[in-house]
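Here the structure comes first, spelled out in structure tokens, and everything after it is commentary.
The values are calculated or read from the model by the stated rules, or taken from the named source; none is laboratory data. Since this is a predicted model, take the numbers as computed values, not measurements. Cβ atoms come from the backbone with ideal geometry, glycine included; neighbour counts cover every protein chain shown.
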Amino acid sequence: MNKLVEKRTVDMQIIGDWVEPGSRVLDLGCGRGVLLDYLQQTKQVRGMGVDLDFHKILGCVRRGVTAYQGDMEAFMRAFPDRFFDRVICSRTVQELADPAAVILEALRAGRALTVGFVNHGYWKNRADAFFSGRKPRNPVYTTEWFESRPANPVTIADFEHFCAAKGITVTRRALLRGDWHTPCAFRPNLFAGYALYDLTK
């Protein structure tokens, strides 16, 4: 199993543990539908996804995953309050033009929101930027600057401050070290490479 697949597997398993069987799930920035396909097979969810990339939507169709091409915030506005049991925003929040608006709309349309992101405050990211003066390249940030799109690099401290400021309740979280496996309990803003949050409002 290559490192990218291994990382994807770890966060899918955590998200899968949080999803109730048979629930109604919306995946924001669903990509090629890998996560939704996994949840449909393991939790029998009634899932749908939304993504801007037409070619990724085609990947969803090939997997038998229901997905729509378009703006995720506008898409969610078409649904009544708490229509979805869970909305998922995995590895997407740092690419959004207005992450606060999307998160708040997701918390309106869903009973719970799961958010996962790479922690920009991870110590190797700080060290790489400080010593090399370039975009970090390490097990957490694996790509060159021209191969990636994090418009809003976010840290665990940033995200938890945002939740507190907006009155969002963190019901549970999973913080993983840079190896993407080991739970990180000590100073996670410095030592965790990846973070998953379950939120309600």
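For the stretch 181-191, does any single residue satisfy the condition of being under 16 Å from the mean Cα position of the chain (by Cα) and farther than 21 Å from Arg134 by Cα? Give the derivation first.
Just the residues of the stretch 181-191 that are under 16 Å from the mean Cα position of the chain (by Cα), to begin with: none.
Taking every residue of the stretch 181-191 in turn, none turns out to be under 16 Å from the mean Cα position of the chain (by Cα) and farther than 21 Å from Arg134 by Cα.
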Revision key, fill the gap. Flagged in the stretch 177-193 as touching a helix residue (DSSP H, G or I) at 6+ places or on another chain (Cβ under 7 Å) and either within 20 Å of Pro99 (Cα to Cα) or in contact (Cβ under 8 Å) with a residue 24 or more places away in the chain (or both), in numbering order, are Gly178, Trp180, His181, Pro188, Asn189, Leu190, Phe191, Ala192
Point to revise | Odd one out for Val102, checked against (1) farther than 24 Å from Phe162 by Cα; (2) out of contact with any Phe, Trp or Tyr (no Cβ under 8 Å at 6 or more places or on another chain); (3) crowded, with 21+ Cβ neighbours inside 10 Å; (4) among the β-branched types (Val, Ile, Thr) | key: (1)
Check your understanding: Do any residues in the stretch 114-125 that are under 27 Å from Phe84 (Cα atoms) have Cβ atoms under 8 Å from those of residues that are among the charged types (D, E, K, R) and not in a helix (DSSP H, G or I), where the two are at least six apart or on different chains, and which pairs are they?
Key -> Thr114/Arg86; Thr114/Asp198; Gly116/Arg91; Phe117/Arg91; Val118/Arg91
Point to revise | Scope the stretch 133-180; condition in contact with a strand residue (DSSP E or B) (Cβ under 8 Å, 6 or more places away or on another chain) and aliphatic (A, V, I, L, M); matching residues | key: Val140, Val154, Ile156, Ile168, Val170, Ala174, Leu175, Leu176
Revision key, fill the gap. Counting only residues that are modelled with pLDDT of 95 or more and either out of contact with any Lys or Arg (no Cβ under 9 Å at 6 or more places or on another chain) or among the acidic types (Asp, Glu) (or both), the stretch 81-105 contains a total of 7
**Study point:** Among (1) more than 14 Å from the chain's Cα centre (by Cα); (2) surrounded by fewer than 23 Cβ atoms within 10 Å (Cβ to Cβ), the one test that Glu95 misses
**Key:** (1)
Check your understanding: For the stretch 1-83, which strands (runs of 3 or more DSSP E) that fit wholly inside it have 1 or more residues that are of a type in the set (Val, Ile, Thr) and crowded, with 18+ Cβ neighbours inside 10 Å?
Key -> 24-28, 46-51
Exercise for review: Could you tell me whether the stretch 105-118 includes any residue that is more than 16 Å from Asp27 (Cβ to Cβ), touching a helix residue (DSSP H, G or I) at 6+ places or on another chain (Cβ under 9 Å) and polar (S, T, N, Q)?
Suggested key: no
Revision key, fill the gap. Scanning the stretch 140-161 residue by residue, those loosely packed, with under 15 Cβ neighbours inside 10 Å and at pLDDT 95 or above turn out to be Ala157, His161
**Study point:** Scope the stretch 115-139; condition surrounded by fewer than 19 Cβ atoms within 10 Å (Cβ to Cβ) and not aromatic (Phe, Trp, Tyr); matching residues
**Key:** Lys124, Arg126, Ala127, Asp128, Ala129, Ser132, Gly133, Arg134, Lys135, Arg137, Asn138, Pro139
Point to revise | Test for Glu105: is it of a type outside the set (A, V, I, L, M, F, W, C) and under 26 Å from Val45 (Cα atoms) | key: yes
**Study point:** Subset of the stretch 84-102 [part of a loop (DSSP other than H, G, I, E, B) and not hydroxyl-bearing (Ser, Thr, Tyr)]
**Key:** Asp85, Arg91, Leu96, Ala97, Asp98
